[in-house]
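Below: the structure, in structure tokens.
Where a number appears in this text, it was derived from the coordinates with a stated rule and is not lab data. Remember, it's a predicted structure, so these values are computed and weren't measured experimentally. Positions of Cβ are backbone-derived with ideal geometry, glycine not excepted, and every protein chain shown enters the neighbour counts.
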Amino acid sequence: MTTNFDKVSFIGAPHKALADGSYPSPEEVLMMSQCSSKSKAALAAMLLISAAMAAQDRTPPAQANPTPGCSAKPEQIEANRKLVLDFFRLSGEARIALLDPAYKQHNPVAVRRAQQEHLSDYEEARNGFLAQATGPVHGLGLGPTPPGNRFEIVTAECDIVTVVHQNFRHDPTGQEKFYEAFTFDTFRVKRGKLVEHWDGASISAPEPTPAKP
């Protein structure tokens, strides 16, 4: 350390005395100056990153589907609409025939199942449709479920068709037997086949493992 008469730093600015009453040496002053410069540079970089992220947050989301610029004749849009409605009216092999072999699925449950079973999205859908056509249907013992409306809302634009379904589900609160709910399915149609699918499905948490006695 330097003596107390060295009260001015060697880079032209006074420094406060250290805890023991002495003042920093020229080497220590230089080191502190370098650290300060690095801190300022790091802070400036963080501010620039924050500003860039804030600018991105203010950018409005862009429409992805239908693809901007996509166009179709009215008769093609109506054919796409009819194809999707037929999909819900059919089952088993007849429904599978409407899928393109390159069918792409966005339902995360189906996507994960396909990955686990090493299947393509088309193969997973085919297996599921066949199982639905032949499998048993189990009720909840609450009497007939209200029918709802599979085609509550149907919209078609370019190569995209969306169907909103009205459903009635068991009320877990017990206030009513059933409550009204809505789900949707959206398809992309190309060359008279369903090539892509979206819906609102989500992956549920696994059932808790029962505790061992």
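A few comments on the model shown:
- Relative exposure of ASP121, ASP86, judged by other C-beta atoms within 10 Å (fewest first): ASP86, ASP121
- THR173, THR186 arranged by Cβ crowding within 10 Å, fewest neighbours leading: THR173, THR186
- The range 98-213 - convex hull of alpha carbons, volume per residue in Å³: 165
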